[in-house]
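J.: First the structure, then my questions, so here it is.
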Amino acid sequence: MADIHNVTEFFFLGLSSNQEVQRVCFVIFLLLYMAIVFGNLLMVVIVAVSRNLGSPMYFFLSSLSFVEICYSSTTAPKLIVDLLAEKKSISVWGCMAQLFFMHFFGGIEMFLLTMMAYDRYVAICKPLHYTSIMNRQVCTVLVGMAWMGGFVHSLAQVLLIFHLPFCGPNIIDHYFCDVLPVLKLVCSDTFLIGLLIVVNGGTLSVISFVVLLSSYAVILFHLRTQSAEGRRKALSTCGSHVTVVVIFFAPCVFIYLRPTATLPIDKMVTVFYTVITPLLNPIIYSLRNAEVKKAIKILWIRATKVDQK
């Protein structure tokens, strides 16, 4: 079997070969990435400094926002630089590192969204026991489990790919290293590896997605017994969560539930869940949450007073 180091670097085809399009994309993605970092960092700061946002839901939301910054940072900076570069290359080790961290933070986000659904289930279906069940120690352990789950998921993806022989060609028809585009460059049979990748990535995404939707279905069923005001508040919060779940999991299921097949639309779908989703999350949670909007207003007033002094 050929050694992986027969190929020392990979080259990306990127989003487009048209230089004018690349320059326009450079401006667009630079602005989008800056907005991602600013929006999610704002959520982390607001939850950290606001006394009114001390509930477990905001603890998970703060963790999610931090992960979103890391998640988008595994692909967006390289994409932005490559849009102005003639040579869009990455070393084999750099490729494996990018693949690892993308699935690491993506896996964490997947598990965090599941835990946020559980948090809403306890808050709505078992309100009298909420504070005892979802105490800070439990929330910290759950977040730690999310990070561990992301690590195991990502390590499995990298181990499935890393030992395979890359003999050439070394052109990746994508703008970053992901399992399916990289798998196409392997010079051996990848059918079994493709199935294992589906089990680790695609099936996990589908199961998590179904569990999440089932949890919110149970919550909606339980809301029948609550007052109109209680239903309104619960639906507003759960509506934000369901929106985030759908826009994150639907593209992931579409991409990772196919063993070795790649489609022309894959690049745009990938842009959606690596760039657009991290951008939309803080917007969705802030615009649909009165407490977050109030905390942002208070933080703005404080910052204005400091500037005036």
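The values are calculated or read from the model by the stated rules, or taken from the named source; none is laboratory data. Note that this is a predicted model, so its numbers are computed, not measured. Neighbour counts run over all protein chains shown; Cβ positions are idealised from the backbone, glycine included. When the accessible area is computed, the model is the full protein with side chains, heavy atoms only, and any ligands, DNA or RNA have been set aside. Shrake-Rupley method; radii C 1.70, N 1.55, O 1.52, S 1.80 Å.
J.: On the basis of being closer than 30 Å to Ala303 by Cβ, open to solvent by less than 20 Å² (accessible area, probe 1.4 Å) and part of a helix (DSSP H, G or I), does Val67 make the cut? Let's see the steps before the verdict.
T.: Working: closer than 30 Å to Ala303 by Cβ: yes; open to solvent by less than 20 Å² (accessible area, probe 1.4 Å): yes; part of a helix (DSSP H, G or I): yes.
Considered against the rule, which asks whether it is closer than 30 Å to Ala303 by Cβ, open to solvent by less than 20 Å² (accessible area, probe 1.4 Å) and part of a helix (DSSP H, G or I), Val67 comes out as yes.
J.: Suppose we filter segment 82-104 for residues that are assigned to a helix (DSSP H, G or I) and open to solvent by 20 Å² or more (accessible area, probe 1.4 Å); how many remain?
T.: The qualifying residues number 6.
J.: Limited to segment 70-81, what total is found for residues that are open to solvent by less than 10 Å² (accessible area, probe 1.4 Å) and more than 20 Å from Ile284 (Cα to Cα)?
T.: Residues in segment 70-81 being open to solvent by less than 10 Å² (accessible area, probe 1.4 Å) and more than 20 Å from Ile284 (Cα to Cα): 3 in total.
J.: Can you pull out every residue in segment 114-129 that is open to solvent by less than 50 Å² (accessible area, probe 1.4 Å) and free of Cβ contacts under 8 Å to residues at least 60 places away in the same chain?
T.: Scanning segment 114-129 gives Met115, Val122.
J.: Test of understanding: among Val198, Val186, Val152, which residue is of a type in the set (Val, Ile, Thr) and surrounded by fewer than 16 Cβ atoms within 10 Å (Cβ to Cβ)?
T.: Numbers: Val198 fails: surrounded by fewer than 16 Cβ atoms within 10 Å (Cβ to Cβ); Val186 fails: surrounded by fewer than 16 Cβ atoms within 10 Å (Cβ to Cβ).
Result: Val152 is the single residue among Val198, Val186, Val152 that is of a type in the set (Val, Ile, Thr) and surrounded by fewer than 16 Cβ atoms within 10 Å (Cβ to Cβ).
J.: Next question. Going through segment 9-28 one residue at a time, which ones are outside any strand (DSSP E or B) and in contact with a strand residue (DSSP E or B) (Cβ under 9 Å, 6 or more places away or on another chain)? Step through it out loud before you land on a result.
T.: Start the filter on segment 9-28 by keeping residues that are outside any strand (DSSP E or B), which leaves 13-28.
Within segment 9-28, Leu13 is the sole residue that qualifies.
J.: Can you tell me which residues in segment 74-121 are closer than 16 Å to Ile172 by Cβ, among the β-branched types (Val, Ile, Thr) and under 14 Å from the mean Cα position of the chain (by Cα)?
T.: Thr74, Thr75
Residue-wise test of (1) modelled with pLDDT of 75 or more; (2) under 26 Å from Lys78 (Cβ atoms).
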residue: Gly230; (1), (2): no, no
residue: Val242; (1), (2): yes, no
residue: Phe254; (1), (2): yes, yes
residue: Thr260; (1), (2): no, yes
residue: Met268; (1), (2): yes, yes
residue: Tyr273; (1), (2): yes, yes
residue: Asn281; (1), (2): yes, yes
residue: Ser286; (1), (2): no, no
